[in-house]
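Below is one structure, written out as structure tokens; comments come after it.
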Amino acid sequence: MRRIFLIGYMGSGKTTLGKAFAKAAGLEFIDLDWYIEERLHKTISKIFAEQGESGFREVERKLLHEAGDFEDVLIACGGGTPCFFDNMDYMNQAGDTVFLDVSPEVLFRRLKIAKTKRPLLAGKSDQELMAFIIGGLEKRLPFYSRARYCLSGERLESRSQIDESVRLLSALLSGDKQIENEIH
Ligand SMILES: Nc1ncnc2c1ncn2[C@@H]1O[C@H](COP(=O)(O)OP(=O)(O)O)[C@@H](O)[C@H]1O
Ligand SMILES: O=C(O)C1=C[C@@H](OP(=O)(O)O)[C@@H](O)[C@H](O)C1
Ligand SMILES: [Mg+2]
């Protein structure tokens, strides 16, 4: 039985790489944000607007546990998932956790064009967005760094880069020490 949790900042590529890796590995793919939206019949932005961030975090925790019961699954978390309650402990005991590591500059480039669906970023100017990413990463790294594995998520911009990252993740999870040396 395999259960993999992908974690990392917004825009690090959890959804993109998770979907591609699950397909290649024959695992079910669950994007936690999409799962929440389906179960509640509401967008993430609507949940934030109606229940505030604390309401969203309660729902996120509950549905993380629900999805975390499934077997042979890859779960792409939301950027904040590991940073609330005992979610990181839960994921580390339920399966393999992988932190997708991406620099603030690359996150900025990706998130600049994908702000609207992310309520924490909506309406921010370029300067505010960059400051928010740097500050957010600083606060969240202590949680992200508790993942069992770490992989660079910088190269996910084309089909061939995604395929290569799928290969690297597969080698990392199968215990290839050389890959661990390459990425650290
Ligand atoms: N080729 C690309 N060029 C620029 N941005 C991209 C490209 N592919 C994806 N993105 C953006 O980068 C972000 C990262 O992808 P995603 O998998 O959604 O990250 P996460 O799930 O970690 O937030 C997405 O918001 C997406 O819109
Ligand atoms: O970082 C965060 O706190 C969030 C990240 C989002 O997921 P992605 O990381 O997939 O964008 C989503 O869960 C919500 O908007 C909050
Ligand atoms: Mg996502």
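Read the figures in this text as sums done on the coordinates, not as results from a lab. Source: prediction; values computed, not measured. All Cβ positions, glycine included, derive from the backbone under ideal geometry; neighbour counts span all protein chains shown.
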Given a Förster distance of 41 Å, report the FRET efficiency between ALA25 and GLN127 from their Cβ-Cβ distance, rounded to the nearest 0.05. 0.55
What lysines does LYS117 reach when the alpha-carbon gap must be under 26 Å and sequence neighbours fewer than 8 apart in one chain are set aside? LYS14, LYS19, LYS23, LYS42, LYS46, LYS62, LYS139
SER54 and GLU157 label points (each 7 Å along its Cα→Cβ direction) are spaced in nm at 4.2 nm
How many percent of the alpha carbon pairs in the chain exceed a separation of 24 Å? 35 percent
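So if each residue of separation counts as 0.36 nm, and I subtract the Cα-Cα distance between SER170 and LYS62, what length gain in nm does that give?
Numbers: separation 108, 0.36 × 108 = 38.88 nm, distance 2.87 nm.
This chain segment gains 36.0 nm when fully extended.
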Would you mind calculating the relative contact order of the range 3-183 from Cα pairs under 8 angstrom and at least 6 residues apart, reporting the percent as a whole number? 32 percent
Across 10 Å bins beginning at 0, the whole-percent shares of Cα-Cα pair distances in the range 14-92 come to 18, 51, 27, 3
